[in-house]
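Chemist: I have a structure here, written as structure tokens, and I will follow up with some questions on it.
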Amino acid sequence: MHAVATLMGPHAAMFELSVPCEVFGIHRAEIAGWPYRHVVCSPASETTVGQGGLTLRAGAGLDALDAADTVIVPPWQPTPGHFVDRLTAADAEGTDESRWYPADAVPDDVLDRVRAAHDRGARVVSLCAGAFVLAQAGLLDGRRATTHWMYADVLAERFPAVEVDRSVLYVEDDGIFTAAGTAAGVDLCLHLVRRDLGVEAANLVARRMVVPPHRDGGQAQFIATPVATPTDGEQPLAPLLDWMVEHLDRPLTVTDLAARAGLSERTFARRFTAATGSTPLQWLLAQRVAHARFLLESTDLPVEQVAGRCGFATAAGLRLHFQRQVGTSPLAYRRTFRQVAG
């Protein structure tokens, strides 16, 4: 068995706390050799009040961390709404954001148990602002880590020895895993299942949860609205983006797209990047690969026809970009999803 212990703080972040319970806490008989045994643990013997007025009681004390193969740390909030409330106040008052994460936010006995788990070889995982706990324990010093984009600057200021990556959904560095905000915790937990049991098992869990087995891209796509708000007479790009998705099979060039938007090529490229977080070519490639994934899952079309419908000149072009973005070939991807569906 693989023991997973999720640490519950004094004011639990309900979504992040529930994600490992959903992924690891349900025995999935359809997956042969399902190994996980999951428990929620807390340093407090009394009930813990979570967000939304719910009262929670952990199933175990901190001793569960001593026997865990994987330790998962959701956000630890000293007071209800600590992270969002403090960050909002810092923004409003123009104060130093690093001050709102106190040096003693997490008790020493909790930090000692988390450090000890890592020292004996346990896998240590943080979800969202749980990265602050690992940073306070010193486990992220000299390591690459991520957290919710709202808190990334605070993490970097409060813990300068941490290499904060603001762009990724999750990251691993030497057995320590950190996830970005909220739903990225699902991505990371599925990634752990994929590492432990393989792609098919992770896909089965994802299908049961009705979530994507893997999301491409990083946090940049969520930081701002997908299309920038037009100012000073600027025209929004949303209609053009919709048109591009509907015409992926066409040879779309920056020259043609700029003309369709009524902009110079330089202005179009600048506004497109500001609105989407990527260049027109990168965005088009991502959309074409996404459409190829859909066709590979839902049709029996030969790869050559899939390539044509997605705007790739040849099947070789599809294979090249599919491998770069998805990490496997179109045929291998199709076989995997057919096996899962069957």
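The values are calculated or read from the model by the stated rules, or taken from the named source; none is laboratory data. Remember, it's a predicted structure, so these values are computed and weren't measured experimentally. Every residue, glycine among them, receives a Cβ derived from its backbone with ideal geometry; neighbour counts consider all protein chains shown.
Chemist: I'd like to verify a number: residues in the stretch 222-242 that are modelled with pLDDT under 85 and buried (at least 16 other Cβ atoms within 10 Å of the Cβ), how many?
Modeler: The total comes to 4.
Chemist: Please tell me if Phe294 is assigned to a helix (DSSP H, G or I) and exposed (fewer than 14 other Cβ atoms within 10 Å of the Cβ). Before you say what the answer is, go through the steps one by one.
Modeler: Working: assigned to a helix (DSSP H, G or I): yes; exposed (fewer than 14 other Cβ atoms within 10 Å of the Cβ): yes.
Considered against the rule, which asks whether it is assigned to a helix (DSSP H, G or I) and exposed (fewer than 14 other Cβ atoms within 10 Å of the Cβ), Phe294 comes out as yes.
Chemist: Then there is this: Report yes if some residue within the stretch 271-281 is part of a helix (DSSP H, G or I), under 30 Å from Arg334 (Cα atoms) and not polar (S, T, N, Q); otherwise report no.
Modeler: Taking the stretch 271-281 first, the residues part of a helix (DSSP H, G or I) are 271-276, 280-281.
Filter once more, so that each one left must be under 30 Å from Arg334 (Cα atoms): 276, 280-281.
Still in the list and also not polar (S, T, N, Q): 280-281.
Yes, the conditions are met somewhere in the stretch 271-281.
Chemist: Moving on to the next point. When both residues are 6+ apart or on different chains and their Cβ atoms are under 6 Å apart, which pairs have a first residue that lies in the stretch 91-120 and is within 14 Å of Val73 (Cβ to Cβ) and in a helix (DSSP H, G or I), and a second that is at pLDDT 85 or above and β-branched (Val, Ile, Thr)?
Modeler: Pairs that qualify, where the first residue is within 14 Å of Val73 (Cβ to Cβ) and in a helix (DSSP H, G or I) and the partner is at pLDDT 85 or above and β-branched (Val, Ile, Thr), are Ala117/Val71; His118/Val124.
Chemist: Answer yes or no as to whether Val245 is modelled with pLDDT under 90 and either within 30 Å of Ala269 (Cα to Cα) or of a type in the set (Lys, Arg) (or both). Before the answer, list the steps.
Modeler: Working: modelled with pLDDT under 90: yes; either within 30 Å of Ala269 (Cα to Cα) or of a type in the set (Lys, Arg) (or both): yes.
Yes; evaluated as a whole, the condition is true for this residue.
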